[in-house]
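Reviewing the structure listed below.
The values are calculated or read from the model by the stated rules, or taken from the named source; none is laboratory data. Quantities reported herein were computed from a predicted structural model and do not represent experimental measurements. Here Cβ is always computed from backbone atoms with ideal geometry, including for glycine, and neighbour counts include all displayed protein chains. Just the protein is used for accessible areas: all its heavy atoms, side chains included, with ligands, DNA and RNA removed. Shrake-Rupley method; radii C 1.70, N 1.55, O 1.52, S 1.80 Å.
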Amino acid sequence: MMLNRIVAACLAAGLMLSAGGVLAEKTYHLRLAETWPPNYPILGDATRNLKKTVEAMSDGRLKISIDSKNKHKAPLGVFDMVKGGQYDMGHSASYYWKGKDPNTLFFTTMPFGMTAPEQYGWFYYGGGMELMQKVYARHGMLSFPGGNTGSQMGGWFQKEINSLDDLQGLKIRIPGFAGEVFAKLGAKPTNIPAGELYTALERGTVDAVEWVGPSLDLRMGFHKIAPYYYTGWQEPAAELQFLVNRKKWDTLPPDLQEILRVAMRASAYDMYAQSYHVSAENWHLIKKDYPDIQIKTFPREVMNAMRKANAELLAERAAADPLAREIIDAQAAYLAIVREWTAISDQAYLNSLVD
């Protein structure tokens, strides 16, 4: 009886008895499914950094195995796999799950919304994390920021956009709320996994592709088959996510929960820094080595229509769902405050450098 009590106490403390009766700390294993192909740069680096950091910080007590989309075969099925317990964790983008829960849209990015520094402020100090957990609690999951690409480009287009008429029937790969904006203006948005984008654009399955920006677009080869590269409006800060099955989270000792939480935060910020760096490098290459790429900005008529459509869609969403209204109002209130600081700090500084 006494031995049974000792074993039970050890297990409760995260300790195990080895075959020789020596106390040993229990090792915990987590399986993570990512939306990306194996060894995918930047986005996939976030998960690999997480794995390395967690194992180092826990002295090997917490280990993470990563399955890329070639292994689990469901790049846009990560939500269901983590919710159902087939995987303990996931790495993807929250706005992919609008068909599962429309309120997940708000936690990746919103058109005409916050920049990456503004968004991180909202998540960690402005109540964003609490609202995100409120949405994902319905599904038995936790969600944490998983890495930001920074401001994204508006996409690669086969034809130039000169007016709203050019959007009519336009087949474009674009996820999230921006896809709804395009649809409202007459386009036909769709979502396609990363590995299928080039083929879809090359074969004419879509007329345009919005992916990320210079950090990842050049390696995809879009510049070889689409001459027009538009500046962005739709994703001023695209934050990926780490999903965690709540039941699995609750099995971890408090110290390993904290290690995982800190490692996710560190991996997320490192991805943002890496993405910014690589985008800068590749933008230099575009200017230097690919002068035939035509950099475009959407005409003012189109931009004004997009802003109007975005506002109308937000109003509709807020009227239909109290939780959506809470999130929309929270983001708008935070943006109204933080943008004043952005304008008088970063924006004013950059403006002062213009001759």
Ranked order, Asp207, Asp67, Asp250 - accessible area, probe 1.4 Å, largest first: Asp250, Asp207, Asp67
Matching label, Rg/Rh (Cα atoms, Kirkwood Rh) computed from the structure shown, candidates (i) 1.02; (ii) 1.39; (iii) 0.99: (i)
Under 16 Å from the Cα of Lys51 - lysines, other chains or at least 8 residues apart: Lys63
Virtual spin-label span in nm between Val354 and Ala183, 7 Å along Cα→Cβ: 3.6
Computed FRET value (nearest 0.05) for Gln133 with Gln86, which takes r as the C-beta separation and R₀ as 25 Å: 0.70
Distant-in-sequence amide H partners of Phe242 (H built 1.01 Å from N, under 5 Å): Phe144, Gly146
Residues of type aspartates and glutamates that Lys73 reaches as a straight line, Cα spacing below 19 Å, ignoring anything fewer than 8 places off in the same chain: Glu34, Asp88, Glu196
Gain upon complete extension [Arg339, Asp292; 0.36 nm per residue less C-alpha separation]: 13.4 nm
Label point distance in nm, Asp329-Glu312, each placed 7 Å from Cα along Cα→Cβ: 2.4
Accessible area in the full protein assembly, largest first, 1.4 Å probe, for His91, His29, His223: His29, His223, His91
Residue-averaged 222 nm ellipticity for the chain, from DSSP H runs of 4+ at -39500 (n - 2.57), nearest 500: -15000 deg cm²/dmol
Förster-model FRET efficiency, 51 Å R0, Thr27 and His277, C-beta, rounded to 0.05: 0.90
Environment charge of Asn304, counting only residues whose C-beta is closer than 14 Å and scoring Lys/Arg +1, Asp/Glu -1: +2
Probe 1.4 Å, protein heavy atoms only - accessible area per residue of the range 78-163 in square angstrom: 30
Whether the range 153-204 is rounded, prolate or oblate, judged on the alpha carbon gyration tensor where a/c under 1.5 counts as rounded: oblate
Shape call, the range 204-333: gyration tensor on alpha carbons, a/c limit 1.5: oblate
Built amide H within the under 5 Å cut-off of Glu25, gap 5+: Met16
Calculated FRET value between Val262 and Asp165, using beta carbons and R₀ = 35 Å, to 0.05: 0.10
Net length gained if the chain between Thr231 and Asp101 were fully extended (0.36 nm per residue, minus Cα distance): 43.9 nm
Nearest-10 value in Å² for the accessible area of Lys287, using the 1.4 Å probe: 140
Whether the range 292-342 is rounded, prolate or oblate, judged on the alpha carbon gyration tensor where a/c under 1.5 counts as rounded: oblate
Relative contact order (%) - the chain, alpha-carbon pairs under 8 angstrom, separation at least six: 21
Length added when fully stretched, Tyr269-His284, from 0.36 nm per residue minus Cα-Cα: 3.1 nm
Residues of type lysines that Lys308 reaches as a straight line, Cα spacing below 16 Å, ignoring anything fewer than 8 places off in the same chain: Lys184
